[in-house]
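Undergrad: Quick one: the structure is below, and I'll ask about it shortly.
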Amino acid sequence: MYSNFVNLLEKISTITTPLLFIVIIIELIFLFVGKKIKLKKESLVSLLCLAFGTIPYLLFYASLELNVMNWVYENLRIFTLKNTWYVWLLGFLCYDFMWWVVHYAGHKVRILWCIHGVHHTPKEMNMSVAIRGSLFDFVQYFHILAWLPIIGLNPYMILTIDLLSRLYGVFTHLNETRFRKTPILNKLLITPMLHRVHHSSNSTYLDTNFSNVFSIWDRLFKTYQEELDHVKPVYGITADESKTINTENVFSSQFGLFKDLIKDLKSTNSLSNKIKYLIMPPDWKPSPNNTCKKLA
């Protein structure tokens with residue numbers, strides 16, 4: 001059974017990886033020609049961020065992730081699930097639920113936001129944003145996959161689902177000139193419209209639409225939000241955070257949020273406050289009357 005999954009994974013990767021970059025470049029060309037892009041270096045920085053993130057992945061993360069998943073599958077699994085269509089559906093649902101959980105944590109825990117926030121730094125929306133990630137993404141996204149074998153999902157099935165889900169995720173980053181309104185699809189799927197809302201820093205849109213494929217989790221956990229006609233999305237991180245980050249600079253994009261965190265850690269001598277700076281939401285401040293606001 002393992003060989004079947006490995007072959008499927010290899011075939012999908014071989015076909016989709018070059019196709020992915022071709023589609024991203026084609027969209028960028030159309031946007032450049034149509035003068036829909038103002039920050040011309042953002043897409044290049046996104047490509048550089050992908051290159052940075054690939055280094056730790058190739059060096060150790062890919063092997064570590066698979067070894068952990070195989071160990072969990074061989075030693076901790078509760079069931080042994082067969083290779084059937086309904087197991088694949090179960091796998092997709094479980095994977096997407098874990099994505100929601102880890103993604104939610106990435107917005108609510110500041111040290112994780114310093115990692116995930118790199119993906120939210122672009123001020124313009126297009127498919128190149130999908131490949132902008134942090135050098136430390138593996139710290140967070142490891143947990144989407146690593147524990148799913150406990151319920152009996154084959155590790156290679158999970159990796160195949162991960163690949164398919166991420167490919168779909170590239171599509172949801174389409175520029176706003178496409179898929180403006182998709183009310184029917186929104187009932188089941190995270191569409192480009194819903195994901196544009198997720199990338200918006202407007203107060204109405206903050207902390208919404210965390211799922212990657214299925215919108216059911218956001219509906220269930222009350223984090224679902226459609227784009228409103230009277231509220232135009234403003235992409236990027238919040239105004240206070242963006243003051244110190246240049247989205248057209250790879251080092252600023254990668255480490256700007258960490259720099260702000262270190263500054264806050266140095267601002268207090270209280271160990272309790274230092275810990276809270278790490279684990280509380282990104283806008284938390286050590287004030288007796290502090291109330292945590294929502295964040296992008």
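Undergrad: Could you count how many residues in region 212-235 are of a type outside the set (Gly, Ala, Ser) and part of a loop (DSSP other than H, G, I, E, B)? Talk me through it step by step, then tell me what you get.
TA: Step one: list which residues in region 212-235 are of a type outside the set (Gly, Ala, Ser), which gives 212-214, 216-235.
From what's left, part of a loop (DSSP other than H, G, I, E, B): 212-213, 221-234.
Adding up the residues that qualify gives 16.
Undergrad: Is it the case that region 205-212 has a residue that's surrounded by fewer than 19 Cβ atoms within 10 Å (Cβ to Cβ) and either free of Cβ contacts under 8 Å to residues at least 24 places away in the same chain or charged (D, E, K, R) (or both)?
TA: Yes, because at least one residue in region 205-212 is surrounded by fewer than 19 Cβ atoms within 10 Å (Cβ to Cβ) and either free of Cβ contacts under 8 Å to residues at least 24 places away in the same chain or charged (D, E, K, R) (or both).
Undergrad: Taking the conditions exactly as written (out of contact with any Ser or Thr (no Cβ under 6 Å at 6 or more places or on another chain), outside any helix (DSSP H, G or I) and over 27 Å from residue 30 (Cα atoms)), does residue 207 satisfy them or not?
TA: yes
Undergrad: Please go through (1) in a loop (DSSP other than H, G, I, E, B); (2) buried (at least 19 other Cβ atoms within 10 Å of the Cβ) for residue 177 and return the number of the only condition it doesn't satisfy.
TA: (2)
Undergrad: So, in region 34-67, how many residues would count as being more than 25 Å from residue 17 (Cα to Cα) and in a helix (DSSP H, G or I)?
TA: Applying the first criterion (more than 25 Å from residue 17 (Cα to Cα)) to region 34-67 yields 34-36, 38-39.
Retained after the next criterion (residues that are in a helix (DSSP H, G or I)): none.
Qualifying residue count, region 34-67: 0.
Undergrad: Let me spell it out: the conditions are (1) free of Cβ contacts under 8 Å to residues at least 40 places away in the same chain; (2) more than 25 Å from residue 144 (Cβ to Cβ); (3) touching a Leu at 6+ places or on another chain (Cβ under 9 Å); (4) surrounded by 13 or more Cβ atoms within 10 Å (Cβ to Cβ), and residue 244 meets all of them except one. Which number is the exception?
TA: (4)
Undergrad: Residue pairs, Cβ under 6 Å, 6 or more apart or interchain, first in region 36-47 and closer than 8 Å to residue 248 by Cβ, second modelled with pLDDT of 90 or more and of a type in the set (Val, Ile, Thr). List them.
TA: 42/247; 45/250
Undergrad: When you scan region 118-153, how many residues do you find that are farther than 30 Å from residue 32 by Cβ and part of a helix (DSSP H, G or I)?
TA: Going through region 118-153 one residue at a time, the tally reaches 12.
Undergrad: Restricted to region 21-31, and to residues that are modelled with pLDDT of 85 or more and not aliphatic (A, V, I, L, M), which residue is nearest to residue 250 (Cα to Cα)?
TA: Among them, the one singled out is 27.
Undergrad: Looking at region 190-200, can you tell me whether even one residue there is surrounded by fewer than 17 Cβ atoms within 10 Å (Cβ to Cβ) and either of a type outside the set (S, T, N, Q) or in contact (Cβ under 8 Å) with a residue 24 or more places away in the chain (or both)?
TA: No, the conditions are met nowhere in region 190-200.
Undergrad: Can you tell me which residue among 81, 50 is of a type in the set (A, V, I, L, M), surrounded by 15 or more Cβ atoms within 10 Å (Cβ to Cβ) and more than 21 Å from the chain's Cα centre (by Cα)?
TA: 81
Undergrad: Could you please give the count of residues in region 78-100 that are over 17 Å from residue 163 (Cβ atoms), without any contact (Cβ under 8 Å) to a residue 24 or more places away in the chain, part of a helix (DSSP H, G or I) and of a type outside the set (Ser, Thr, Tyr)?
TA: Selection size over region 78-100: 1.
Undergrad: Is there a residue being within 30 Å of residue 63 (Cα to Cα), under 17 Å from the mean Cα position of the chain (by Cα) and of a type in the set (D, E, K, R) anywhere in region 133-153?
TA: Within region 133-153, one or more residues are within 30 Å of residue 63 (Cα to Cα), under 17 Å from the mean Cα position of the chain (by Cα) and of a type in the set (D, E, K, R).
Undergrad: Which one is farthest from residue 130 (Cα to Cα), of the residues in region 236-284 that are assigned to a helix (DSSP H, G or I) and of a type in the set (S, T, N, Q)?
TA: 272
The values are calculated or read from the model by the stated rules, or taken from the named source; none is laboratory data. Nothing here was measured: the structure is a model prediction, and the numbers come from that model. Because the Cβ atoms are built from the backbone with ideal geometry, glycine has one as well, and the counts that use them run over all protein chains shown.
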